[in-house]
1. Of everything in the stretch 47-75, what is in a helix (DSSP H, G or I), open to solvent by 60 Å² or more (accessible area, probe 1.4 Å) and touching a residue at least 12 places away in the same chain (Cβ under 8 Å)? Give them in sequence order.
2. Quick one: in the stretch 832-880, of everything that is open to solvent by less than 60 Å² (accessible area, probe 1.4 Å) and in a loop (DSSP other than H, G, I, E, B), which residue is modelled with the lowest pLDDT?
3. Just checking, how many residues over the stretch 83-124 are in a helix (DSSP H, G or I) and touching a residue at least 24 places away in the same chain (Cβ under 8 Å)?
4. Given (1) part of a helix (DSSP H, G or I); (2) open to solvent by 40 Å² or more (accessible area, probe 1.4 Å); (3) touching a residue at least 24 places away in the same chain (Cβ under 8 Å), where does Ala78 come up short, assuming only one miss?
5. So which of Thr108, Thr58 ends up being within 21 Å of Arg236 (Cα to Cα) and not small (Gly, Ala, Ser)?
6. For a quick check of your reading of the model, give me the residue pairs whose first member lies in the stretch 291-307 and is in contact (Cβ under 8 Å) with a residue 12 or more places away in the chain and open to solvent by less than 50 Å² (accessible area, probe 1.4 Å), whose second is of a type in the set (A, V, I, L, M) and in a loop (DSSP other than H, G, I, E, B), with beta-carbon atoms closer than 8 Å and at least 6 apart or on different chains.
7. Within the stretch 515-534, identify whether any single residue is hydroxyl-bearing (Ser, Thr, Tyr) and in contact with a helix residue (DSSP H, G or I) (Cβ under 7 Å, 6 or more places away or on another chain), and answer yes or no.
8. In the stretch 235-269, how many residues are modelled with pLDDT of 80 or more and in a helix (DSSP H, G or I)?
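The values are calculated or read from the model by the stated rules, or taken from the named source; none is laboratory data. As the structure is a prediction and not an experimental result, all values here were calculated from the model. Glycine gets a Cβ as well: all are built from the backbone with ideal geometry, and neighbour counts include every protein chain shown. What goes into the accessible areas is simple: the full protein's heavy atoms, side chains included, and nothing from ligands, DNA or RNA. Shrake-Rupley method; radii C 1.70, N 1.55, O 1.52, S 1.80 Å.
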Amino acid sequence: MITSKGAPRQPHLVLRFAIYSALALLVAGAGILWFARHEAQARAEREVLDRAQLISMTFADRLAASDFDKPVGAQRRAVLDKLFQASLGDEILRIKFWNSQGVVTYSTDPSLIGSREPLGEVQRVLAGKPRSEVGHLNDEGGTGKNIKVLSAYVPFSLEHAPHPSGVLELYTDFHEVSADVAGTVKPVAAALGLALLLLYASLFPILRQVTGALEVRTRRLQEQSDDLERTITERRQALASLRDADARYRALVEQLPLVTYVSSIDRPGLSSYVSPQLEPLLGYTPEEWLATPDIFWSIIHPDDAERVRREHKSGYVGSDSFSTQYRLRAKSGLTVWVEDQVMVIRNKKGEPAQAQGFLIDITARKHTDLALSENEERFRTLVANIPGVVFRCTLDADWTMEYLSDAVEELVGFPPSDFVANRVRSFADVVHPDDRDSLERGIREAVADGRAYTTEYRVVHKNGEVRHVLERGKAILEGDGEPKLDGAIFDLTEQRTVADERMKLAAIVESSDDAIISASLEGLITSWNRGAESTLGYTEEEALGQPITMLAPAGREAEPMELLALAIEAGETRHEVVRRHKDGTLIDVSITVSPVRDAAGRVVGASAIMQEITDRKRTEAERARFTQELEAQNERLLELDRLKDEFVALVSHELRTPLTSIRGYLELVLDGEAGDLTDQQRQFLGVVERNAHRLLGLVGDLLFLAQVEAGKLSLEIGAVDIAAIAAESVETARPLAEAKSITLTLATSPVPLFAGDRARLGQLLDNLVSNAIKFTPEGGRVDVRASNSRGTAILEVRDTGMGIPAIEQEHIFERFFRAARATEQAIPGTGLGLAISKAIVHAHDGTITLASTDGEGATFRVAVPIRAAQPTAAEPEEIAL
């Protein structure tokens, strides 16, 4: 078969063209995508650089050089955080400042403050080469999600500074750039997909569509860029206008004769601006003030600080403006009074945002007010020290008062404000009705004669009491020729009362049964009442003018004068002495001698009050003799008690030896060593053995008490488990409880081991439990508890028995004491168990107490201090009681 070599077939050419077209489309699409991404990123970098420069310009006058010297402190960081808070949003994620040494001095992420950046990058930016780059948020450290970001680095220059102070770094979310690229790429990608599907047939329409889309996107981006440029230009113009207005405002404010400040609401006293007038007022420059945290609260007077805090706090909440006055300590140490007028600046929500205030120096005014106040206080003090009412009034029918001192209220019960200008009442209203006419007549006659006057009359107090007063005054002509009456009113009521009291006292002295005598400094009797006549036998005529020595017994004539001199020197004195009756008999008297003074306070003699105490002296002598007899009997009883104790100890010791022998032979007989025993013999011998055991226990108790009485008790100190001891005692007593159908319970909580005598503490608990069972009727209940409370081991034995009457409880721990009911009901016992228990508790430095109600049971409570037990075997310890 022959094949023709003519032109290639159309399908192959179409396929090849389609493949080439597809490759061309892919290459072109890749170029378009790269171009779109590159342009979008470049535009975003320009925008972020513009944004960073705009922030740098906006805050050029808000920052200080100290913000770039070193990492800012917590207080300054809080101020900067609040300053940049409005700038941070969804796009700006972080702001950082570097200084020229590459140290981060501030960041909205505080974890980056103090870190270092490459010094070369910082130097290039400071040299005027701002730059931007794409990276991740935490490439250089930081907290939070490490998202992709676009960052810009621009130099930061403070206002009026010749050179940049540092570098501002701004981070924005790269998501916006990605979204912008995605918005451009998606139609391109769709067109490329259609081109690949449709190939040659759709190639040119797709290219036109792509070109059109790119043109539209480019046009829109250009429009957005133009809008941004116009916005930046407008912002720059507005910022310049704002700066001009701020400069004019500051120039105006700084010319005013007061200090202007702007402060934070949440931290009163922390100013964000203060005018230069601060330095002439307090000596601090604005820079010193703003750089020193809490300087306001360090120089405010301590007495004013808390009040100013309250006033500012309430003023911010409740009003738009308020004022207050307080003291500040200037840098020189002087105290400056200021008036603080505050205006509250609120945000759009109506919430307090800032406080703007004015400090006005009112020191001179305060000193003037203080001087006036001091003068007024001196006048009031002078008037208050006058023992009467000072007044000025007009010469009318009502005595209209122009001034009346406060003492009038004490005199008549009404305040002076009632009388001034007759606001409530006139002074004539309180003058006694019977004295008004004579008072007015006497004063007018004195005024007519141009002389001073003195008059007495009565006033009626608010409570109805009538008081006698003395008024002295004189008419004074003022500049207008109108006479005024100046004077003072003095209360004579007390003097009148004293005179009346003296008359009453004289009557009481005269009628008193006690002998009341007075004598001159020379010792001559000047008064003698009926009681003295009855006690000493002399009549008043016989005694007056006689020396007081006539009342002294023979050999003691000097004693009355000595008592007189002692009373004059030391004041009132009391003595028990012997005096001689007119008939010569001697009597015992109790005498009180007091000095007598005249109206000027000089001692002019002495008075004596005598009471006969002969019967009391006789009674005291008999009481002293009886006391001596009781003491002698008590000594005899103590001796008998000692002999009894010695006898008990001796008998107990002598009984122990034969009892031991008796028990030994009983055991041998019961064991069959002497032959077999009949049941009856074994029963009889069992009774003997039980009573021998009982007698031996009694002897042991007596010997134990003998040791206690001797002042020593031997303890075997070791580690004690009080819960185990309680369990053993309960188990030992359980058969006895079951025999009486008594419920016996035990409850313990963890108690650490402590140093003590295990055997003695077991004896203590056995005594308490057996006593509780013994005195509890059948069907009752006995509860034993062991616990730990604040380093103390607690034992409690509680029963539902017959109880102990209150009158017997104070004797319950005494030797051989038995409750009356126990004796009546023939309950066996020796009365030694509780005495022994108390001795054991005291030997362990503990306490034992009883709580009981008659007929309702009793509770014995033992408290023993927990002391650490020694790890080695303890030696017997002798405890002195």
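1. Across the stretch 47-75, the qualifying residues are Glu47, Arg51, Gln53, Met57, Ser66, Asp69, Gln75.
2. Once the filter is applied, the top-ranked residue is Ala874.
3. Total meeting the criteria: 7.
4. Only one criterion is unmet by Ala78, namely (3).
5. Thr58
6. Sorted first by the residue in the stretch 291-307, then by its partner, the pairs are Phe296/Leu270; Ile299/Ala330.
7. No, that holds for no residue.
8. Number satisfying all stated conditions: 0.
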